[in-house]
């Protein structure tokens, strides 16, 4: 009975969860860095993004555009390093809740799915934490 | 000590089961939504066979229903939290194949949703579905 339960629930895979958490952080952090870096580095791209936000009815787009871009850049670095992961996960989740509410919902379920994944993974990292292979884990251990 | 807790937000770990449930519902719901038209309409299944054939899959008439029903079963398993780890492995395998055969042609942005499904599948396979799941209920009953 116990071996049947182990076969169904595959509990022996559990030790791999820290490696997969690292993979989740690298995927989310890497993707956000890839997406936000051009807007953070080029003034023309940032102005383009502000115009995009203005078109979708965001308040004060010239303030919101750099705020969103720099929040994503900082969150991406935090997730990759596993430093302040809980805060970074919350920031990512909040940013993409706003993205769905203001923009992605107009593209239907398929168009909103990447943002929905970023919300779910941001909240997961905020709640479960970054795993063993992270600066947060090292800091917690040393304290 | 307080500074470390402010940085790492351990208080959020109380929400980890709710975050796992949310992630399972988002991914499971999307998987079912993504294949439902292929299940409901023979015409759409034939269309999907043609799509697989175009991208060089062997035996598309066999692979199309296999992939569609595997995704549907994964969606149901994620939502209910039953045999979640097996479903996570199948989901991850399915979308590794999707990236290797199709999505890599669309670049990083195009491959991101499938990459999310790979890492979320692997995370559910290793960590399990959390407490708010049928697997956890079965484990408690047989403990």
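Among the residues of the stretch B:99-107, at least one is surrounded by fewer than 22 Cβ atoms within 10 Å (Cβ to Cβ), modelled with pLDDT of 95 or more, within 14 Å of chain A (Cβ to nearest Cβ) and touching a helix residue (DSSP H, G or I) at 6+ places or on another chain (Cβ under 8 Å).
Among B:91, B:116, which is part of a helix (DSSP H, G or I), more than 10 Å from chain A (Cβ to nearest Cβ), surrounded by 21 or more Cβ atoms within 10 Å (Cβ to Cβ) and under 19 Å from the mean Cα position of the chain (by Cα)? After ruling out the rest, the residue left standing is B:91.
Checking each residue in the stretch A:22-42 for being facing another protein chain (nearest Cβ under 7 Å) and surrounded by 15 or more Cβ atoms within 10 Å (Cβ to Cβ) picks out A:23, A:24, A:27, A:31. Between A:118, A:124, the distinction of being touching a residue at least 60 places away in the same chain (Cβ under 8 Å) and within 7 Å of chain B (Cβ to nearest Cβ) belongs to A:124 only. Could you tell me whether any residue of the stretch A:132-143 is part of a loop (DSSP other than H, G, I, E, B), within 9 Å of chain B (Cβ to nearest Cβ) and modelled with pLDDT under 95? Looking through the stretch A:132-143, at least one residue is part of a loop (DSSP other than H, G, I, E, B), within 9 Å of chain B (Cβ to nearest Cβ) and modelled with pLDDT under 95. In this structure, residue B:37 does not satisfy being under 15 Å from residue A:129 (Cβ atoms) and in a helix (DSSP H, G or I). Screening residue B:47 on (1) more than 21 Å from the chain's Cα centre (by Cα); (2) within 12 Å of another protein chain (Cβ to nearest Cβ); (3) at negative phi shows it passes everything except condition (2). Being away from chain A (no Cβ under 14 Å) and either in a helix (DSSP H, G or I) or over 18 Å from the mean Cα position of the chain (by Cα) (or both) is true of residue B:67.
Residues satisfying the criterion are present in the stretch B:121-134 (criterion: surrounded by fewer than 20 Cβ atoms within 10 Å (Cβ to Cβ) and part of a helix (DSSP H, G or I)). Kindly indicate whether any position in the stretch A:61-71 is within 12 Å of the chain's Cα centre (by Cα) and more than 14 Å from chain B (Cβ to nearest Cβ). Yes, the stretch A:61-71 contains a residue that is within 12 Å of the chain's Cα centre (by Cα) and more than 14 Å from chain B (Cβ to nearest Cβ).
Condition test on residue A:49, is it without any contact (Cβ under 8 Å) to a residue 24 or more places away in the chain and buried (at least 17 other Cβ atoms within 10 Å of the Cβ)? Yes, satisfied. In the stretch B:45-88, what residues are surrounded by 15 or more Cβ atoms within 10 Å (Cβ to Cβ) and farther than 27 Å from residue A:7 by Cα? Residues satisfying the conditions are B:45, B:48, B:49, B:52, B:53, B:57, B:60, B:64. Which one is surrounded by the fewest Cβ atoms within 10 Å (Cβ to Cβ), of the residues in the stretch B:1-28 that are more than 7 Å from chain A (Cβ to nearest Cβ) and more than 21 Å from the chain's Cα centre (by Cα)? The residue in question is B:2. Scanning the stretch A:69-114 for residues that are surrounded by fewer than 17 Cβ atoms within 10 Å (Cβ to Cβ) and on the phi > 0 side of the Ramachandran plot gives a single hit, A:108.
The residues listed here are A:118, A:90; of these, the one that is assigned to a helix (DSSP H, G or I), more than 17 Å from residue A:35 (Cβ to Cβ) and modelled with pLDDT of 95 or more is A:90.
The values are calculated or read from the model by the stated rules, or taken from the named source; none is laboratory data. Only a predicted model underlies this, so the values are computations on that prediction, with no experimental measurement involved. A quick note on method: Cβ atoms are made from the backbone with ideal geometry, for glycine too, and the neighbour counts reach across all protein chains shown.
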